[in-house]
Amino acid sequence: MNSLTACERLDIIRHKNRPTVRDYIPMLFDDFFEMHGDRLYGDDGAIIGGVGYFKGKPVTVIATVKGRNLEENKASNFGMPHPEGYRKALRLAKQAEKFHRPVICLVDTAGAFCGIEAEERGQGEAIAKNLMEFSSLKTPVITIILGEGGSGGALALAVCDELAMLENALYSVISPRGCASILWKDASREREACEVLKITAEDLSRLGICDGIIEEAPGGAHNDPELTAEYISEYISGAIKRKCEKGLDELLNERYTKFRKVGEFSEN
Amino acid sequence: MLEDLFSVVKMRFNGDKKENSNEGGKPSIPKGLMFKCPRCSNVVFMEEFEKTGKVCPNCNYHARLSSRERLDITVDKGSFVEYDPLMTSKNPIDFEGYPEKQADLRAKTGLKDAVITGEATIRGEKVVIGIMDSRYMMASMGSVVGEKITRAFEQAEKKKLPVIMFTCSGGARMQEGTVSLMQMAKTCAAAKRYSDSGGLYITVMTDPTTGGVTASFASVGDIIIAEPKVLIGFAGRRVIEGTIKQRLPDDFQSAEFLLQHGFIDMIVERSKIRRTIAHLIKLHKG
């Protein structure tokens, strides 16, 4: 495992050949069947969801999608979901619960989209509802941050039993750019902010937020997507095994505690 | 993001005028004796303004209240017993200047962090109540807010009491990094357990309720009330304007906008909130 700074990792996850969810899904799952729509408003191209086989067992896959080129990015809104995306995710998660399938969430997003329509359709409510419902979803949920884990927009798919991060992935409450513009009124100082925020997989393991770090191909996932996919696959395999062994009450209690215990305060 | 919120509220109520800033809910001009409304410029005696719960008698502008002021006009006199009054935040990501900023705010406001929680009665109805205070780091949610809100739900579940949350917030607290993001999940998980136990949860959204608080426990109430004209939204106005490259209409992200789009149940004037809550609790007693 390498020891890079947060902003060196930022460069790696922004590499133009960084594999996206569209690259990983065929490498990780067989016979993936995509499903569309939130049944309320529309279908959000920023979130892909469906069912496929993982090592012979059906799982529900929910993922934020970044495009590999401009055309794909237009269709997926650069990986920034609208409320209907989060509502689609919840619909598919509930479906997984009904059919007793584990849920695998793959996250790579700068965050929930900020726009007029997103506000009109209740971006805040959509995220809040997911946090609430995923916290008691009666089936194992495994989330892997592949690249960017952008704030509430990432968290909406990350209330889970195990949170893993690729070794170069970052998971933050605010974009380094946004942080820099608040702290120093200068968005261009994002590289400094990147270090300040403690957002690498190692930082977050120390803070009790990240449960597992998944190795990437040497130099970054773009150097060997297949190898990186193998590492991811190995991790998912172990995580599913660990979680499926547990009784439902134990699973849900542990999920509650996983988030319940995060926070640093004193009482006197 | 915090600056953004201040500027939105200033813009909304002040037009372009720089004077009469209303930050922290304390009108600054004229000092003490009179209150000049930042929205309609009407001048009234401070005493009269305070008697109406800091609502402008001319244009119905609802000024921000401190958590203590809110408590005083909401719960029965002497009924409040505070939970976790001494809880203070540590510095989980060693954010430079964060402890100093907090010490400074504690001295200035007398608060320990951005929310007070506890038990009280409202017109005789026993409740667990939480009130956020925008004077403390724009009521952003870090470890203390997350923990106190979570404990409030857990206590209410144990004691089978309704939960009333007066929300206002600039969002998650950047200075606590991803730890503050986790508070969104933590409070929602607690709200879910409480809800599954059959408890009644009423949110009262006050000015401004935004970001990570809108995207967590504030939006999952069984009943959501808002004060007139308050700002409620997920993304900051400037962020959206930056994305779409045009100015947003004034009523964008107002309580009225949310009512129209189906995200809150009702808009209630400050003077009627107490009786509305008591009424709703009675209705849910079966």
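Since every read-out is calculated from the coordinates, none of them should be taken as a lab result. Remember, it's a predicted structure, so these values are computed and weren't measured experimentally. All Cβ positions, even for glycine, are placed from backbone atoms using ideal geometry, and neighbour counts span all protein chains on display.
Would you pick out the residues in the stretch B:248-273 that are surrounded by fewer than 18 Cβ atoms within 10 Å (Cβ to Cβ) and at the interface with another protein chain (Cβ under 8 Å from one of its Cβ atoms)? Scanning the stretch B:248-273 gives B:248, B:261, B:262. In the stretch A:245-268, the residues that are at the interface with another protein chain (Cβ under 7 Å from one of its Cβ atoms) and closer than 20 Å to residue B:151 by Cβ reach residues that are acidic (Asp, Glu) and not in a loop (DSSP other than H, G, I, E, B) with C-beta atoms within less than 8 angstrom, at least six apart or across chains, in these pairs: A:263/B:147; A:264/B:176; A:265/B:147.
Only one of B:123, B:70, B:106 is under 19 Å from the mean Cα position of the chain (by Cα) and touching a residue at least 60 places away in the same chain (Cβ under 8 Å). Can you tell me which?
Working: B:123 fails: under 19 Å from the mean Cα position of the chain (by Cα); B:106 fails: touching a residue at least 60 places away in the same chain (Cβ under 8 Å).
Matching residue, one of B:123, B:70, B:106: B:70.
Criterion applied to B:201, B:194, B:136 was being within 22 Å of residue B:102 (Cα to Cα) and more than 10 Å from every other protein chain (Cβ to nearest Cβ), and the one residue passing it is B:136.
Of all residues in the stretch A:209-231, those that are farther than 18 Å from residue A:17 by Cα and touching a Phe, Trp or Tyr at 6+ places or on another chain (Cβ under 8 Å) total 4.
Suppose we keep only residues that are assigned to a loop (DSSP other than H, G, I, E, B) and facing another protein chain (nearest Cβ under 7 Å) within the stretch B:228-247. Which one would you say is surrounded by the most Cβ atoms within 10 Å (Cβ to Cβ)?
Kept after step one, since they are assigned to a loop (DSSP other than H, G, I, E, B), are these residues of the stretch B:228-247: B:228-230, B:233-236, B:245-247.
Okay, now just the ones that are also facing another protein chain (nearest Cβ under 7 Å), so B:233-235.
Values: B:233: 25, B:234: 30, B:235: 26.
Filtering the stretch B:228-247 for residues that are assigned to a loop (DSSP other than H, G, I, E, B) and facing another protein chain (nearest Cβ under 7 Å), the one surrounded by the most Cβ atoms within 10 Å (Cβ to Cβ) comes out as B:234.
Taking the criterion of being in contact with a strand residue (DSSP E or B) (Cβ under 8 Å, 6 or more places away or on another chain), more than 20 Å from residue B:272 (Cβ to Cβ) and assigned to a helix (DSSP H, G or I), the only residue of the stretch B:35-54 that qualifies is B:46.
Within the option set A:201, A:229, A:221, being buried (at least 18 other Cβ atoms within 10 Å of the Cβ) and in contact with a Lys or Arg (Cβ under 7 Å, 6 or more places away or on another chain) holds for one residue only, A:221.
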